[in-house]
Amino acid sequence: MKLVVSSDLHLDSAFAWISAGSQAARRRRDSLRATLRRILDFAWSERADAVLCGGDLYEHERFTPDTASFLRASFDRVSPLKVFIAPGNHDFYGPGSIYNSVMWSPNVTIFDSSRLTPITLSDGLTLWGAAHRVPAGTTNFLKEFKVDRGGVNIALFHGSELGDLPSQGSSKSPHAPFRAEEIERAGLSHAFLGHYHRPRDAERHTYPGNPDPLSFGEDGPRGIVIATIQPDGSVTRIRKNVSSTTATDLTVDVTGCASRQEVSDRVHSAIAGIKGVARITLEGELPADVDLKLSDLERLPSNLDGYQVRFGNISLRYDFKALANEPTVRGQFVKDVLSAELADDERRRVLVTGLRALEGRDDLEVF
Amino acid sequence: MNLFWGLNESGKSTWHAALYAALCGRPRRKGKPSRDDEDFELRHKPWDQAEWKVAAQVRLEDGRRIELVHNLLNVTESTVLDIDLGRDYRAEILYEGSLDGAHWLGLDRRSFVATACVYQADLLAIVRSSPHLQEQLQRAAATASADATAAQAITQLKEFFADNVGQDRRNSSKPLRTTIERVERARVALAAARSEHSEYTKLAAARNEFQDQARYISDQIETARAAAVIKEAEEWSDRLLKAREIAHRVSNLQTVPESVGVNIQQAAAALNSWRTRPTLPYLEGPSASELSAQIARLPERAPEGDLEPSSEVELAYSAVESLRQELKFHQSAKPQEVDISEANGASSEELRTLSAALSRPQPEVDQNKVDILGHLTRSLDQQANSYRKRTLTLQIAGGALIGAALALLVIHLLIPGVAAAVIGAALIVLSFTSHEPERLKGLAEEMARAEDDVRRREYEIEYWLKNRNEAVAHAQKLGLDPDTSALTALADKLDSSERVSAEIESWQSAHFEIAEQAAAAQERFWEVLSTHHKTDLADVTEALQQYRDACVRRSRVLVDIERRKQLQEQLRIREQLEQAYSQSVGKIDQAEAALRAAAKNCEIQDNGSQIDAPEELATSIQAWIDDQEARRLSRDREWAEWGDLQSLLAGMKFEDLEQETAARTVKAREVFARFGAQSLEPFLTSESSTDEMLQQLKQQAAETAESLAHVEGQMQERSKTMKSVAEAEEELEAARSELDRISRLKKTLETTTQFLERAQEQVHRSIAPVLRQAVGQRLPNVTAGRYWDVRVDPENLAVQVCGANGRFREATALSHGTAEQIYLLLRVALAERLTTPGEICPLLLDDVTVHSDSERTKAILECLQSISRERQVILFSQQTEVLDWARANLTGPNDAVVELDASEVAV
């Protein structure tokens, strides 16, 4: 039995880091849709027996009617390839959810119970699935659960394996929490899961991770999992990248640049040839007279779909200690600011702004 | 002091520029050169050589001797080496990418130009454009360079704030306000998008519910139809059974006479008329005629005008009253004037100047130095006398011996004679070879210096006495006591008087303004009142009261009009009641007559006599009717059953009815088996008929379908206009991000401005007395005692000087020469102030006297010579009189006069 497993696509997600009003965010959402089609096309071409979706296929709070139509048409397009969906906390099975509103094609099965429910995939192979029916507060699906039949039993749901939680970052909430050992205890050979965006291949459970980048800093081979269920219940897994976008996180050292044009040149040189979306963090030391603003670098390069520039640890080449010894207004100013109770970042901005004003410069907005 | 003298084209300015460049070098070029740098290169770069270098050796106060070699074309190749140790000091003076020796002085090449390096005619420039030099010096004080002044920097920050942040005020078009509004718009848009989305999901949920409901109702309709089949079968069975029973009961039917029915109808109609006869209405209160009379006494029309005082008028009056009270209060707060006649017309500044002059302590004779001078004089005299006596003795002895030797030689005593001559000559030579004259010369020089000190102190005492006498004379001329504290107290009183005068003026201005406002308020009151009320009164309060009284009167009339309307309504009701009363009496009479006629037709009698009381008659008629009705019902029941039987058979024969009933029973059993008892039970046990239930279900199905269609229509409509929540969130995030940026910029600019203003204030407070002292200590010397005090405003470096009359005057308003000298002193003071402690900044001056007349030139040169006792002064000049002055005066060990030859300058 060959299964194509995915989760956490998050259709209709918001991309706040992309400049508002631009088409980049909309293109990012279109890319997520393209990725779903790539997943289904791949499953179709690989003659997979079924596609499993571990939840957070879309975001309930943001979905558009167009997304509902898109999902229905996409799944209908691959009929009779079976599609099983276990709704997650973002796409919970509620009264107004897409799952409850669309007349799905017969190949689509959506688990709608908050308890694990069985579906026979083939003789001797049972898929147990469950749904989040509320956006928060869903409890452990495996608690007091035990399969009631023989053969191979596998599960599909959206939950948080508590042993993996620390590696997912502090912002991850433990929806439907459980422990890995509960899978075996429940009589399940394997569990295919959604919720964690960072991929994880454990002995008895698999997190495919989000197949298309949602933010920067995502590491690990994300994508879909081609899982083959052997008659003895063992699972072989192959990961495949199906993303239609790449997200590149770059740090550019601007030390040695003498003007904003040189900084711009260095940034554009660093992102030349990169596709998809990119985030650039500028670091290093710049001469004090460089007039640089974020808006100078915000023009979207033609080779990218989305682009974000931010200032990291950048210092300006001033000898504050020497300036503080001057018997001048400038010296007094530097001395006062250095001894004032200010946050380091604010102190740097105040010092540079004041010194630029004293130099008669009009580039008084300091990054 | 060093003078470089030469005629035109002898290279003076080149030497001056070379000295500057040898110390400060040139900035490393990045992009387009500055105008000054471009001009420097144009004027001084060799035309015919590829190289352009300059070198100098400097000695720092810490003893280091350093050689600076600047490659002015490629500043990265410039070197700075310790002459004695060979150490490289590049790191100490690297500035703007090149070497700058001014850094040892705590300056840089630009601030060095602003203070210590004066170009040709720069001193004269202050007379034509003093703000220019002031600004240059301010920049040096602010930043030790030629950047913006502190005041300009603060202005720049505030203007930048105004353009790039702005105030959070309504209608502002600046970034802060517009971004706040953008955030608010985005927040509203997001809330709207979420609300729309929520509504959409609710509609979707409702649609799902309606769909479920429609499916359920459809199932129920099918079940109801099945129940109907079963019920019909049961009804056919009942019908067959009932037909058999009726057929058995109905056998003998009878008819009744028609007249009985007519009498029953007549009696029932009469009885009904009697029982439904009207009751007489109850009449109380005034009659219609009495009410008409009351109405005639009340007014018909409402008066014109306000019924209650208008708020507009009341407000106008309040404004008048408020301003009256304010005027009264203001009158009571008038300040009292101060008598200043005793000052005899003198200004407070004049009095303070006199007080200061009188309070200045008298310089004292330095008795120690006088004693030293006396001691030196006596010592010199004694040693000179002793020296002269000793020399004379030796010379006389030597002469005597030579004379004796000549006598011995004459008498041919050769050996003694030669011996005597040699001894005599030795004594004479000895008298001329003593070191005593050099020692006496040194003593004489020491005495001359001591004498100079004593003379200087005498000059200061004399100068003090002169000033004091002038101050006393001036006070007496003003008719004032030349007492310091009295003059200061009088000056304080004058200042106080000025303040009080200003307060009175301010009070009068305010008084006039309030009075104008009061008059305007009163005028406004009359204007407003005239639109509500006509009056001949002139007093505001009386007119208002008159208006209020008129309003009260009009409101009372209005009450009477309301009363009239109430009475008219009461009259209308009373007239209707009286008419109804008369009609009811007629109807009762008619009913009684009909009752008696019916009794007669029905032959109703009691014990053979007629009954008079209408109520008793009605009871008897009712009993007769009931008896006749019971008989009729019995007959009708029999006929009805016969009709029922015909209806049950519906034209069929008994056999046909039995067959149809059997077929329906079979079908009902089939349906029951299909749907089951549980589903059918509600329909079978319901009291409602199956048709009714089916009708209800169909109605529900239609309503559900309609609701479903309605919801789906709404969903379609919303889907066309729904805003994307994700896009709204992105816009809000972008707006918030922009607001964060502007808020951060706002805080930074405000904090920076605060720190800069504070720094400016602190530096100005500290630098003012330093500059005053530095300039003031040289001022009497360079102005030959004409000015002895000075003020320097650190904010704009404007200089004021004070002379014997005790009044301060702007330096730029003085003669050219004096102003030049004063600003030269200010340059020196700033150079001292800005120079690193322990180092002394030299002065490089190029033809600073070229436009001065002889007297001024001499004054400037003497000033420079005085300054050169403390620092190196290098002066370039082409004037012969400067050369002559230098030859006569620059004779000290640290002085030098260099004459440049124009012929040696390469073309």
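Quick note: the coordinates plus some simple rules give every number you see, no bench work behind them. In this text, all values refer to a predicted model and were calculated from it rather than measured experimentally. When we count neighbours, we look across all protein chains shown, and the Cβ atoms used for this are built from the backbone with ideal geometry, even at glycine.
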Per-residue average of other protein chain Cβ atoms inside 10 Å, peptide A:334-340 -> 3
Whole-Å distance linking the alpha carbon centroid of the range B:703-749 with that of the range B:450-501 is 81
From DSSP H assignment alone, runs of 4+ in chain B each adding -39500 (n - 2.57), the sum over residues rounded to the nearest 500 puts [θ] at 222 nm at -24000 deg cm²/dmol
If every Lys and Arg gets +1 and every Asp and Glu gets -1 at its Cβ, then about the Cα centre the protein assembly as shown yields a dipole, in debye to the nearest 20, of 2900
Residues whose modelled amide H sits under 5 Å from the amide H of A:THR246, counting only those 5 or more places away in sequence or on another chain, are A:GLY276, A:VAL277
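Which order do B:MET1, A:MET103, B:MET652, B:MET693 fall in if you start with the one that has the fewest other Cβ atoms within 10 Å? Could you put the intermediate results ahead of the total?
Details: B:MET1 23, A:MET103 7, B:MET652 13, B:MET693 19.
Ordered by Cβ neighbours within 10 Å, fewest first: A:MET103, B:MET652, B:MET693, B:MET1.
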When B:GLU592, A:GLU341 are arranged by how many other beta-carbons sit within 10 Å of their Cβ, fewest first, they go A:GLU341, B:GLU592
With a ≥ b ≥ c from the Cα gyration tensor eigenvalues, square-rooted, and the rule rounded for a/c under 1.5, otherwise prolate when a/b > b/c and oblate otherwise, the range B:602-718 is oblate
Total charge of the residues flanking B:GLY106 in space, meaning their Cβ is under 11 Å from its Cβ, with Lys and Arg +1 and Asp and Glu -1, is -3
Note: A:317-324 gets an average of partner chain Cβ contacts (10 Å, Cβ to Cβ) equal to 1
Applying the gyration tensor rule to the Cα atoms of the protein assembly as shown (axes a ≥ b ≥ c; rounded if a/c under 1.5, else prolate if a/b exceeds b/c, else oblate), the class is oblate
Neighbour-count ranking for A:PHE320, A:PHE92 (other C-beta within 10 angstrom, fewest to most) reads A:PHE320, A:PHE92
Cross-link reach from B:LYS334 to lysines, straight Cα distance under 21 Å and at least 8 residues apart if same chain, gives B:LYS493
In chain B the DSSP beta bridges are antiparallel at a rate, in percent to nearest 5, of 65
Non-local residues with an amide H under 5 Å from the amide H of B:LEU900, with H modelled 1.01 Å from N and Pro and chain starts lacking one, are B:TRP5, B:GLY6
Long-range amide H partners of A:VAL309, meaning residues 5 or more apart or on another chain whose placed amide H is closer than 5 Å, are A:ILE280
Checked the range B:167-266 against the a/c 1.5 cut and the a/b vs b/c comparison, axes a ≥ b ≥ c from its Cα gyration tensor; verdict oblate
Rounded to the nearest 5, the percent of DSSP beta bridges in the protein assembly as shown running antiparallel is 40
Excluding residues fewer than 8 positions from A:LYS240 in its own chain, the lysines with Cα under 27 Å of it are A:LYS2, A:LYS82, A:LYS172, A:LYS275
Of the DSSP H helices in chain B, the ones reaching 15 Å or more along their long axis in Cα terms and averaging at least 0.0 in Kyte-Doolittle hydropathy are B:12-24, B:348-359, B:367-410, B:414-432, B:816-834
